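**Student:** This structure is in structure tokens; I'll ask about it shortly.
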Amino acid sequence: MQSYQAVFARILLALVFLGTIIILLINITNTVGGYLQYQMALGQLGLPSIFAPLIILVKLVFGFTLLIGFKTKLSAYVLAAFSIFNALVIGTSASPNAVEVFFTYFGIAGGLLLMAQYPQTAFSVDNIKK
């Protein structure tokens, strides 16, 4: 039963990143100048525009690899570092829910660090016998 709990934890953590990036990509493609608006929103947080493709790439690639369980330890560490980065950037902004975002991303980072500590889960590419 514990191996199935770890699978569900891995999938749910991956969906945090994959779900948000899929929604973001849909909004970018369905809005005129959507990518530019996304870059401007990041600029309001104090991030240069180069962060826009990097954020999309990290969420998409490492979210997917965590979902399928490929290089789970590496994916979990990268996404944990990304979550801490998000907590510090978004969580310290002047937005009304900044404190909630701060603690949410730190909680996600904690779950990812736990996933990195115990990366062997059922139904993962890492566990396929060679």
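**Student:** Is there any pair linking a residue in the range 46-71 that is closer than 16 Å to I23 by Cβ to one that is loosely packed, with under 15 Cβ neighbours inside 10 Å and of a type in the set (S, T, N, Q), with Cβ under 7 Å and at least six apart or on different chains, and which?
**Tutor:** K59/T20
**Student:** Moving on. Pairs needed: first member in the range 77-101, at positive phi; second member anywhere, surrounded by fewer than 17 Cβ atoms within 10 Å (Cβ to Cβ) and at pLDDT below 85; C-beta distance under 8 Å; at least 6 residues apart or different chains.
**Tutor:** Once the first residue is at positive phi and sits in the range 77-101, no partner that is surrounded by fewer than 17 Cβ atoms within 10 Å (Cβ to Cβ) and at pLDDT below 85 comes close enough.
**Student:** If you don't mind, there's one more thing I want to ask. Of all residues in the range 48-97, how many are of a type in the set (G, A, S), part of a helix (DSSP H, G or I) and within 23 Å of Y35 (Cα to Cα)?
**Tutor:** 4
**Student:** Residue under question is A6, and the condition is that it be over 15 Å from the mean Cα position of the chain (by Cα) and surrounded by 14 or more Cβ atoms within 10 Å (Cβ to Cβ); does it hold? So that I can check it myself, show each step before the final result.
**Tutor:** Working: over 15 Å from the mean Cα position of the chain (by Cα): yes; surrounded by 14 or more Cβ atoms within 10 Å (Cβ to Cβ): yes.
In short, yes.
**Student:** Looking only at residues in the range 88-128 that are under 19 Å from L13 (Cβ atoms) and of a type in the set (V, I, T), which one is surrounded by the fewest Cβ atoms within 10 Å (Cβ to Cβ)?
**Tutor:** V125
The values are calculated or read from the model by the stated rules, or taken from the named source; none is laboratory data. In this text, all values refer to a predicted model and were calculated from it rather than measured experimentally. As a convention, Cβ positions derive from the backbone with ideal geometry for all residues, glycine included, and neighbour counts pool all protein chains shown.
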